[in-house]
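Please read the structure below before turning to the comments.
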Amino acid sequence: MSRNIFASSPRRLLFGFGQRLSSTLECPTPKTTTVPIVQNEMPDCEFQPPSYRGPSYEDIKKLRKNHLTPNILSYYKKPLLIHAGHKQWLYDHNGKRYLDMFGGIVTVSVGHCHPKVKRALEEQSETLWHTTNIYMHPKIHEYAEKLTAKFPGDLKAVCFVNSGSEANDLAMLMARVHTGNHDIVTLRNCYHGMSPYTMGLTAHSTWRFPLAGVSNGIHHVMNPDPYKGLWGGSHCRDSPVQVNRECDCMKNGSCLAANMYYKELEQTFLHSLPCGKVAGMFAESIQGVGGTVQYPRDYIKKAATLVRANGGLFISDEVQTGFGRTGEYYWGFEGHGIIPDIVTMAKGIGNGFPLAAVVTTPKIAKSLGMALHFNTYGGNPLASAVGLAVLEVIEEEQLQKNSLEVGTYFLKCLSELRDRYEIVGDVRGKGLMIGIELVNDRETKTPLSTMNVMEIWEQCKDMGVLLGKGGLNGNIFRIKPPMCIGKDDVRFAVDVLSRAIYDFLEKQKKKKPSS
């Protein structure tokens with residue numbers, strides 16, 4: 001990579017937590033096929049983590065093997081022992097610094113150990129930790145008012161829980177109790193949780209156990225994926241980067257792909273559901289675990305109308321897309337032009353603190369009064385104090401705006417890697433919700449093998465950049481960093497990824513027998 005590919009541009013300090021943005025969004029197009037060199041060094045950070053004083057690395061490995069259940073998996077061949085975090089940075093037990101481009105699985109929203117959030121937790125811990133909501137305490141009420149003010153329409157009633165699975169579990173209960181109906185629709189390739197109840201919603205075979213009753217009343221419909229699906233192309237996604245295949249969408253002002261996928265959805269309602277008797281439909285605004293899959297424009301709006309016409313509720317899963325991460329809007333569903341009946345959220349809501357919520361209308365919420373329903377820890381004083389501080393930081397440091405500007409820049413830079421390397425099949429996303437799909441063949445979209453993906457992934461880690469993985473075949477890099485990252489971080493991450501892909505391809509060339 002030549003020196004001028006990610007040329008430095010003037011930057012100005014914008015945000016209190018050290019965020020920097022450059023004055024332009026352009027990402028220069030690569031003009032060279034020479035060996036990419038990591039020209040942009042890892043951005044400086046003045047923070048010095050304390051020395052690690054815990055058990056040795058080998059002792060930790062033994063303790064993990066002997067005392068944690070085997071489902072607790074570790075990333076990387078030699079797992080990292082993470083010791084400290086600061087803003088967008090993580091530090092291992094040896095003090096090595098890593099740029100965190102996965103945010104604890106899309107959970108660290110405002111930055112690791114943010115001083116305001118930490119201070120809010122410390123102050124609350126000095127007065128009241130826990131009572132449950134059998135008594136009133138001020139923080140849950142202050143927080144509920146602040147959180148529901150972020151929602152449009154009549155979405156003004158909130159129930160606090162502790163995780164995304166719990167939130168979606170509760171939303172299923174609400175939909176079924178309120179409508180009196182049982183059947184629920186979700187999209188193939190979706191992920192909505194791993195509790196026995198929400199496992200039925202999740203449509204990845206890799207995340208499902210063969211349990212009786214898991215899929216009772218749940219129907220998975222065709223995923224409206226413009227990249228790998230039957231329909232879609234270069235006009236379908238609400239993203240700075242479009243699918244690299246042509247389509248006739250938008251020529252008459254509408255998305256033809258959305259119409260075709262909608263017709264497939266109608267078939268399920270016509271043939272597989274009781275007429276006019278659906279409880280609801282779940283959809284992520286952008287699929288997360290499934291690999292940052294976006295839908296054709298207007299599909300979600302059409303789907304919501306169909307669900308309501310059949311007596312059901314539309315439930316928007318904002319566990320990964322909420323709180324400004326997609327940039328243009330505070331909630332991902334706003335980008336689809338709808339107001340859902342129920343919204344679920346977790347992860348970034350607490351910046352890593354166990355906190356989640358379900359927001360709905362007072363009328364739907366009233367349905368929970370038909371029987372006792374209680375969550376011991378939901379909305380406890382500590383969680384409420386943290387959640388309130390996170391909302392304030394997002395506003396004060398303009399992190400939604402940062403997600404839009406830095407995320408758009410990031411996507412444009414990554415699109416240049418797609419133009420350069422044949423194995424980069426697709427780049428997609430919005431704001432700081434980004435996916436990179438690696439393929440063995442661009443025409444067939446055959447996934448790059450797990451072994452090959454891991455080789456690139458491991459090298460990125462060795463060079464100081466941590467990426468997530470997703471998709472049914474594990475061939476999609478998931479980039480969902482803390483929303484405080486800047487363009488210096490983007491340039492470094494793209495440099496590292498480019499070098500890792502180049503080195504992989506060079507090794508593959510050497511393995512081929514000479515003609």
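Suppose we keep only residues that are assigned to a loop (DSSP other than H, G, I, E, B) and either of a type in the set (A, V, I, L, M, F, W, C) or not assigned by the TED database to the domain that holds Thr305 (or both) within the range 209-240. Which one would you say is nearest to Val185 (Cα to Cα)?
The qualifying residue nearest to Val185 (Cα to Cα) is Met222.
Table: residues versus (1) surrounded by fewer than 21 Cβ atoms within 10 Å (Cβ to Cβ); (2) at pLDDT 95 or above; (3) closer than 27 Å to Thr107 by Cα; (4) in the same structural domain as Glu334 (by the TED database).
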residue	(1), (2), (3), (4)
Lys263	yes, yes, no, yes
Thr268	yes, yes, no, yes
Ala283	no, yes, yes, yes
Gln287	no, yes, yes, yes
Val293	no, yes, yes, yes
Ala303	no, yes, no, yes
Ala309	yes, yes, no, yes
Gly312	no, yes, no, yes
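Please determine, by comparing only the residues of the range 278-296 that are in a loop (DSSP other than H, G, I, E, B) and of a type outside the set (A, V, I, L, M, F, W, C), which one is nearest to Cys249 (Cα to Cα).
By that ranking, first place goes to Pro296.
For Tyr262, state whether it is of a type outside the set (A, V, I, L, M) and free of Cβ contacts under 8 Å to residues at least 60 places away in the same chain.
Yes: the conditions hold for Tyr262.
If I ask for residues that are in contact (Cβ under 8 Å) with a residue 60 or more places away in the chain and among the acidic types (Asp, Glu), which ones from the range 69-101 would you list?
Matches in the range 69-101: Asp100 only.
Only one residue in Phe410, Phe333 is in contact (Cβ under 8 Å) with a residue 60 or more places away in the chain and among the hydrophobic types (A, V, I, L, M, F, W, C). Which one?
Phe410
Identify all residues within the range 207-240 that are surrounded by fewer than 17 Cβ atoms within 10 Å (Cβ to Cβ) and among the aromatic types (Phe, Trp, Tyr); write none if there are none.
Those that are surrounded by fewer than 17 Cβ atoms within 10 Å (Cβ to Cβ) and among the aromatic types (Phe, Trp, Tyr): Trp207, Phe209.
When the range 377-416 is examined, which residues are found to be over 20 Å from Glu145 (Cβ atoms) and open to solvent by less than 10 Å² (accessible area, probe 1.4 Å)?
Leu399, Asn402, Ser403, Val406, Gly407, Tyr409, Phe410, Leu411, Cys413, Leu414
Taking the range 480-506 only, how many residues are closer than 30 Å to Cys190 by Cβ and in contact with a helix residue (DSSP H, G or I) (Cβ under 7 Å, 6 or more places away or on another chain)?
11
Scan the range 179-189 residue by residue and report those that are assigned to a loop (DSSP other than H, G, I, E, B) and surrounded by fewer than 22 Cβ atoms within 10 Å (Cβ to Cβ).
Gly180, Asn181, His182, Arg188
Please verify whether the range 185-203 includes one or more residues that are of a type in the set (A, V, I, L, M, F, W, C), in the same structural domain as Phe282 (by the TED database), within 19 Å of Lys445 (Cβ to Cβ) and more than 20 Å from the chain's Cα centre (by Cα).
No, the range 185-203 contains no residue that is of a type in the set (A, V, I, L, M, F, W, C), in the same structural domain as Phe282 (by the TED database), within 19 Å of Lys445 (Cβ to Cβ) and more than 20 Å from the chain's Cα centre (by Cα).
Could you say whether any residue in the range 364-376 is buried (at least 24 other Cβ atoms within 10 Å of the Cβ) and of a type outside the set (D, E, K, R)? Spell out how you get there, then give the answer.
Residues of the range 364-376 buried (at least 24 other Cβ atoms within 10 Å of the Cβ): none.
No, the range 364-376 contains no residue that is buried (at least 24 other Cβ atoms within 10 Å of the Cβ) and of a type outside the set (D, E, K, R).
Which members of the range 185-203 meet the condition of being over 17 Å from Ser285 (Cα atoms) and modelled with pLDDT of 95 or more?
Within the range 185-203, Thr198, Met199, Gly200 meet the criteria.
Which numbered condition trips up Val243, out of (1) open to solvent by 10 Å² or more (accessible area, probe 1.4 Å); (2) assigned to a loop (DSSP other than H, G, I, E, B)?
Looking at each condition in turn, Val243 falls short on (1).
Quick check on my filter: what residues within the range 183-205 are farther than 18 Å from Gln320 by Cβ and touching a residue at least 60 places away in the same chain (Cβ under 8 Å)?
Across the range 183-205, the qualifying residues are Asp183, Ile184, Val185, Ser205.
Hey, among the residues in the range 439-450 that are closer than 15 Å to Arg245 by Cβ and part of a strand (DSSP E or B), which one's most open to solvent (accessible area, probe 1.4 Å)?
The residue in question is Asp441.
If you scan the range 204-242, which residues turn out to be aromatic (Phe, Trp, Tyr) and within 21 Å of Asp441 (Cβ to Cβ)?
Tyr227, Trp231
Please state which one of Met463, Met483 is touching a residue at least 24 places away in the same chain (Cβ under 8 Å), open to solvent by 10 Å² or more (accessible area, probe 1.4 Å) and among the aliphatic types (A, V, I, L, M). Walk me through how you get there before you give the answer.
Numbers: Met483 fails: open to solvent by 10 Å² or more (accessible area, probe 1.4 Å).
Residue meeting the stated conditions: Met463.
The values are calculated or read from the model by the stated rules, or taken from the named source; none is laboratory data. Quick caveat: nothing in here was measured; it's all calculated off a predicted structure. As a convention, Cβ positions derive from the backbone with ideal geometry for all residues, glycine included, and neighbour counts pool all protein chains shown. These accessible areas exclude ligands, DNA and RNA; they are computed on the full protein's heavy atoms, side chains included. Shrake-Rupley method; radii C 1.70, N 1.55, O 1.52, S 1.80 Å.
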